[in-house]
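Peer 1: Dropping the structure in here first, questions after.
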Amino acid sequence: MANAQAGFELPSSATEIRSKWGWFVALGVALLVLGLFAFWNLIAATVATVLWVGVLMVIGAIAQIVHAFQVKSWGGFFFSLLSGILYGVAGVIAWTNPVLAAVTLTLVLAFALIASGIMRIWGSFQLRPETGWGWVLASGIITLLAGIIFILGWPVNSLWLLGMVLAVDLTFQGIAAIAFGLTLKGMH
């Protein structure tokens, strides 16, 4: 067990992590390539995202149902069982009808962004006497506007929006990993 965990431990010294700079660059290049591929075909990236979410939902449903039967004497048994079943049905729908799932997930994402934007804006006014509160306000406004834009384009944008989010995320992760790796190289 110790050997299996040893591969996942962070290097103990700064010198050791600096010597691994090439691995960060390689990871960054791989993520960047995946991000560019997702940009190249946003619909395929959306479908891949929805299918992955469907798999996770089915796994979560199985865990919820097993849990329900493990605590059968508990008063929440039927609620827990029903939650697991509904989660499983949603996961199967994501697999059998990824377009419907993409439409639903895009709408949920839009509402989540709106709620998050409102909370950040409110939070920024709580920070107002502090330096930098405007950055929190700007973040909230941008997040709120993104959610509104997503809703205004819904349901048409559902075919490409989740793929775009995946593509942007992969691309920026790749760029960050490359930059970090090259910075480590420059520290030699």
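The values are calculated or read from the model by the stated rules, or taken from the named source; none is laboratory data. What you see is a predicted model, and the numbers here were worked out from it, not measured in a lab. FYI the Cβ positions are ideal-geometry reconstructions off the backbone, even for glycines, and counts take in every protein chain you see. Each accessible area value is taken on the protein alone, full model and side chains, heavy atoms only, with ligands, DNA and RNA left out. Shrake-Rupley method; radii C 1.70, N 1.55, O 1.52, S 1.80 Å.
Peer 1: Label the stretch 62-121 by shape, choosing from rounded, prolate and oblate, from the square roots a ≥ b ≥ c of the eigenvalues of the Cα gyration tensor; if a/c is under 1.5 it is rounded, and otherwise prolate applies when a/b is larger than b/c, oblate when it is not. Write out the running numbers ahead of the final one.
Peer 2: Numbers: a/c = 4.45, a/b = 1.56, b/c = 2.85.
It comes out oblate by the Cα gyration axes.
Peer 1: Of the listed values [x] 56, 35, 28; [y] 60, 49, 42; [z] 65, 37, 29, identify the label whose number matches Cα extents along the principal axes in Å calculated from this model.
Peer 2: Computed from these coordinates, Cα extents along the principal axes in Å corresponds to label [y].
Peer 1: Here's another thing I want to ask about it. If we sort 163-172, 21-30 on the protection proxy, mean other Cβ atoms within 10 Å, highest first, what's the order? Mind showing how you got there, number by number?
Peer 2: Working: 163-172: 17.7, 21-30: 16.0.
Highest mean packing first, the order is 163-172, 21-30.
Peer 1: Express in nm, to one decimal, how much length is gained between Ile175 and Thr96 on full extension, taking 0.36 nm for each residue of separation and deducting their alpha carbon distance.
Peer 2: Details: separation 79, 0.36 × 79 = 28.44 nm, distance 3.45 nm.
Here the answer is 25.0 nm.
Peer 1: Solvent-accessible area per residue for the stretch 33-106 at a 1.4 Å probe radius, Å²? Show your work: numbers first, answer last.
Peer 2: On the way: 4590 Å² over 74 residues.
In whole numbers, the stretch 33-106 has 62 Å² accessible per residue.
Peer 1: While we're on this one: Compute, for Met187, the solvent-accessible surface of its heavy atoms (probe 1.4 Å) with the complete set of protein chains present, and express it in square angstrom to the nearest 10.
Peer 2: 100 Å²
Peer 1: Any idea of the accessible area per residue across the stretch 114-159, 1.4 Å probe, to the nearest Å²?
Peer 2: On the way: 3100 Å² over 46 residues.
Per residue, the stretch 114-159 has 67 Å² of solvent-accessible surface.
Peer 1: Per 0.36 nm of contour for each residue apart, how much would the distance between Arg128 and Met164 grow if the chain were fully extended, relative to their Cα-Cα spacing? Let's see the in-between values first.
Peer 2: Values: separation 36, 0.36 × 36 = 12.96 nm, distance 3.37 nm.
Taking 0.36 nm per residue and subtracting the Cα distance, the gain is 9.6 nm.
Peer 1: Starting from the Cα-Cα distance between Thr15 and Leu81, subtract it from 0.36 nm times their residue separation and give me the gain in nm to one decimal. Working shown, then result.
Peer 2: Values: separation 66, 0.36 × 66 = 23.76 nm, distance 5.16 nm.
So the extension gain works out to 18.6 nm.
Peer 1: Could you order peptides 72-78, 174-180 by the average number of other Cβ atoms within 10 Å of their residues, highest first? Write out the running numbers ahead of the final one.
Peer 2: Values: 72-78: 10.4, 174-180: 16.6.
Going by the mean number of other Cβ atoms within 10 Å, highest first, we get 174-180, 72-78.
Peer 1: Separate question: With an 8 Å Cα cut-off and a minimum separation of 6 or more residues, compute the relative contact order for the chain in percent. Before the final figure, lay out the partial values.
Peer 2: Numbers: 246 pairs, mean separation 74.2, N = 188.
RCO, the chain: 39 percent.
Peer 1: Take the solvent-accessible surface of the protein heavy atoms, probe 1.4 Å, and return the percent of it on the stretch 126-188 that carbon and sulfur atoms account for. Please report the intermediate quantities before stating the final value.
Peer 2: Details: 3020 of 3990 Å².
In the stretch 126-188, the share of accessible area belonging to carbon and sulfur is 76 percent.
Peer 1: Given the rule -39500 (n - 2.57) for each run of at least 4 DSSP H residues, summed and divided by the residues of the chain, what is its mean residue ellipticity at 222 nm, to the nearest 500 deg cm²/dmol? Display every interim value, and only then the final one.
Peer 2: Working: 8 runs with 155 residues, N = 188.
Result for the chain, helices only: -28000 deg cm²/dmol.
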